[in-house]
Structures are given as C-alpha cells and as structure tokens.
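Values quoted throughout were computed directly from the atomic coordinates according to the rules given, and no laboratory measurement underlies them. Bear in mind the structure is a predicted one, so any value in this text is a computation, not a measurement. No Cβ is skipped: glycine too gets one built from the backbone with ideal geometry, and neighbour counts run over all protein chains shown.
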C-alpha cells in the first residue's frame, strides 16, 4: 500500500470536510446559536469546523480502498462515536467541570456529568474498536486504550486556535510512511485537519470536543492498526501518562511559551494565548 494511496485518502477527507463545512455554515441543521462559543480571547466562533472534520474523516475512511471490513468498521465507528460523545459535551458541558478529577468526583457523589458520559462512551467505543482490530484479548485492550487515549490527548490541545489541528498533523504525518491500513487510516484525520486549519487559526471556527475527539480516535485507530503488542504497549503507556498526569502540563503556559514551539503554535493565529 503506497504513500500515493494514503495521499488520495487524505485528499478525499479534505474535500469532504470542506464540503460539509460549507453546507453547515450555509444551512445549519439546528439552531445556529447552539453551536456558537467564545474562544480563549473572548471572540465568538462556531463549532461547525469540528462537525465537518469528524464527518470528512469518517467519510474518507468509509470509502478508502484497501481496508478490511473489520478495520473500516473499527475506525469509522470509533471516530463517529467519539465525535458524537464530544458533540454531546459541547452542548451540555459546564466550563466549571473539566478534567478527569472533576468528572470522577461527580460520579462518586452519584451525579453523572456530560464529561463522564463522554469518557465512558469514548472508552467503550475504543474497546469496541480494539476488539475489531486485534485478535488477542490483551492486544484488544491495549488497542482500546490507544483509541480512547488518542481522542482525549487531541482534545487536551483544543484550548487555542489551530493547536489541536496542528497536533493531529504532527502526530499523523509519520503514519503515512507505514505500510498497510495504518497509513490509510492516518491520512483521513490528516486531510480533515488540514482542510479546517485555516479557518481554525483564523478564529472563524473551532474543532470543539466533537472534532477533536473524532480526529483523535481516528488517529488512535491508525496507530492500533499499524502496531503489534510492543508498539501498542508503548503508545498506551504514553497516552495514559498524558491523561492522568499531563493535563496541567499540556494545557498550561510553560510548554507553549518555549521559543521554538511557541512560534509553531502561534503560526497563522491573530495572537498567542499567553501573550
């Protein structure tokens, strides 16, 4: 399976994302104000970019040649389920309840938050995808952690315009060099992220939980499809560390004010979130 095939899938994802984005902006399926948000700078943006990216990546994976039925179902199902859970949190979530600690604390007190629904739903979708992608029980569990963990990791980046989309591009590009279904699956979120990046950094739209989780889950499916047990274990360990201990580091200013990373992070954006 060549890089050319993967590039074709990426182009398909980009085209489908742009088409969906134009359609959503022209004819919103629901009341438009439901998908309006204020970004880090207090500017009003809409969330259609995330919905379009989720749809574009899923459509490209659904129509890509060279994938088995199980692999296709795993990747498309994980992306759509993660996107749906993210969209639910976009609509029902509270800015005062973010992160694992807040949602788990609410569960201990018998209260189910939208974030808890999202965590449980994406976790279940990840395990289902792992069950389709791998044959052995341990490999299935590790693949599930990778899919769900990647969805969460990309969502952690979605706190500044373009950051999550750039993260998808950086994490997914090496996957295009692999042989087999991993390259095709990696190309879909790459194409979708590239298609929406300009509007994202231009602060006209944002990925939101729907887009970030969907693209992350698609990337996770690509990683799971391309790796054996050792690779799955390494990726799963890294993603668990990010989820449990890296949240404050990933979203805080120390990392993003490093000179080289600051320039890449701020590329195309009106201003830097940390001044």
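What separates the Cα centres of the stretch 140-164 and the stretch 13-90 is a distance of 15 Å. Extending 7 Å from the Cα toward the beta-carbon at both residue 91 and residue 233 defines two label points whose distance is 4.3 nm. Among 21, 88, 48, the ranking by other beta carbons within 10 Å of each residue's beta carbon, starting with the fewest, stands as 88, 21, 48. Length gained on full extension, residue 120 to residue 173: 16.2 nm, using 0.36 nm per residue less the C-alpha separation. Quarter the surface of the alpha carbon convex hull of the stretch 3-248 and you get the mean projected area, 12.4 square nanometres.
Each of the peptides 49-61, 137-149, 119-131, 232-244 was scored by the mean count of other Cβ atoms within 10 Å over its residues; in descending order, highest first, they stand as 49-61, 137-149, 119-131, 232-244.
Taking 0.36 nm per residue of sequence separation and removing the Cα-Cα distance, the residue 63/residue 240 pair yields an extension gain of 60.6 nm.
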